[in-house]
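These notes are about the structure you will find just below.
The values are calculated or read from the model by the stated rules, or taken from the named source; none is laboratory data. Owing to the predicted nature of the structure, the values given are computational and were not obtained by experimental measurement. Every residue, glycine among them, receives a Cβ derived from its backbone with ideal geometry; neighbour counts consider all protein chains shown. These accessible areas exclude ligands, DNA and RNA; they are computed on the full protein's heavy atoms, side chains included. Shrake-Rupley method; radii C 1.70, N 1.55, O 1.52, S 1.80 Å.
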Amino acid sequence: MIDLAGLDTRPAQTWGAMRLVPLVRREPIEDLRLHAKVYGDEVSVVSLPDRTYYTAYVPHAFVASWTGDGTPAAAYGTQLGEPLRHMCVRTRRRMARRVDRNRLRFLPLHLAVEGLLALHFGGPEIAWEEWSRRAIAHGLSPRAEDAYTGAEVRGLDDALKVFEIYPGQCGLLLYTGDTLAGAFVVPHPEDYRALHPMLIRDLYGELVHEYALFYPARDFPAAIDETEVSSLSDLRAQAERQEREWAGFHDSVMAAGLLRAPARVEEVYRTGPYTLSRFLPSFERKSENHIGETITDGDGRLAYLKTFRLSEAQGRRGHLLSELAANGWSLPDTAAALQTSVPLLGMRLERAGFGYLLRQDVLDGYRKALNERTRRTRRGGAASPPA
């Protein structure tokens, strides 16, 4: 599971639809540091070990620096680049690549998004007659998902500017309309101060963008019992109680969907005591689904976390692919597991953007069967109301 042990929740700050919840680390991690390397506005093509390619807007990379003996490491700071005035394509090697003896370069969030795109990317493992030649030969290639940059999320820029950074802050949970948009945790407070402005360049899901437009954040006013306050120390005690109650509510209710155990965890890189991993959710229907990446030490302590909340449509696509793979890509078996019919399953695949995986004549047959069933239902149903 995602364990935020060692990180304390502090009172939230709101701006419009944005709610920013700071996380303060009790003991900063000194031997692992992060800094950002800014690339610019060009499109990047990343070559992957299986000879496939990942194409996306990659504004920056993170570089992790560590020491092998536990002594403090230093962050290099954030290097800002001038925006490009023309469009070009930059090719990069690997999502995570060692660039020095004690330095690892990786692409934040893109490491997790590429894991989502790779989900059952090979397509049908058995050449069932329903699948197209393209599905058998190329699988889900090309596979694409959409995301918004932070600059497109209404109010985020202003919220980051006015946000007050707490002493010892090493992380942030970002909500729009009180819906969790993403989490960001780093090893050291100095890293967070340098990387806080970079949140405007991160990726965010469609749901988060919509909530930022239409759903303002609610206030949680503190209720202090006046009968219990007769001195400044009493007032301080009441304020501390409110902070504890807020933290408990936040961690057990608002962040509960994130803290559930990820369904799939893949180790990407191991160096010394630290392990870089990415995770995928269980793709449960009508629930929060987060993808992300972590860096943990040998004791499981969380040093780095970055997450991306999937939209409802993205969650449905992941759910369909997971069910197909679990049932050997057999449409009848998958339909039975989903308690639906094969034609309805075929239409669900088409609506999810996977219609190209099915033979066209099979897809047309499913559509015809559903249309005929609809006509039969109409003839046997109640009369239509007068115009």
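Selection over the stretch 101-124 of residues that are in contact (Cβ under 8 Å) with a residue 12 or more places away in the chain and either of a type in the set (D, E, K, R) or at positive phi (or both) gives a count of 6.
Only one entry in 73, 64 is over 30 Å from residue 315 (Cα atoms), at pLDDT below 90 and open to solvent by less than 20 Å² (accessible area, probe 1.4 Å), namely 73.
Yes/no matrix, rows are residues, columns are (1) of a type in the set (Phe, Trp, Tyr); (2) assigned to a strand (DSSP E or B); (3) open to solvent by less than 10 Å² (accessible area, probe 1.4 Å); (4) free of Cβ contacts under 8 Å to residues at least 12 places away in the same chain:
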site	(1), (2), (3), (4)
1	no, no, no, no
4	no, no, no, no
11	no, no, no, no
24	no, yes, no, no
28	no, no, no, no
36	no, yes, yes, no
40	no, no, yes, no
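Of the set (1) in contact with an Asp or Glu (Cβ under 9 Å, 6 or more places away or on another chain); (2) at pLDDT 95 or above, all apply to residue 333 but (1). Only a single criterion out of (1) out of contact with any Phe, Trp or Tyr (no Cβ under 8 Å at 6 or more places or on another chain); (2) surrounded by 15 or more Cβ atoms within 10 Å (Cβ to Cβ); (3) among the aliphatic types (A, V, I, L, M); (4) within 30 Å of residue 326 (Cα to Cα) is not satisfied by residue 198, namely (4).
Residues that are in contact (Cβ under 8 Å) with a residue 60 or more places away in the chain and farther than 22 Å from residue 220 by Cβ number at least 1 in the following helices (runs of 4 or more DSSP H) confined to the stretch 231-329: 312-326. For the stretch 201-225, filtered to residues that are within 19 Å of residue 311 (Cα to Cα) and of a type in the set (Asp, Glu), the residue that is surrounded by the most Cβ atoms within 10 Å (Cβ to Cβ) is 202. Restricting attention to the stretch 285-316, the residues being surrounded by fewer than 23 Cβ atoms within 10 Å (Cβ to Cβ) and more than 12 Å from the chain's Cα centre (by Cα) number 13.
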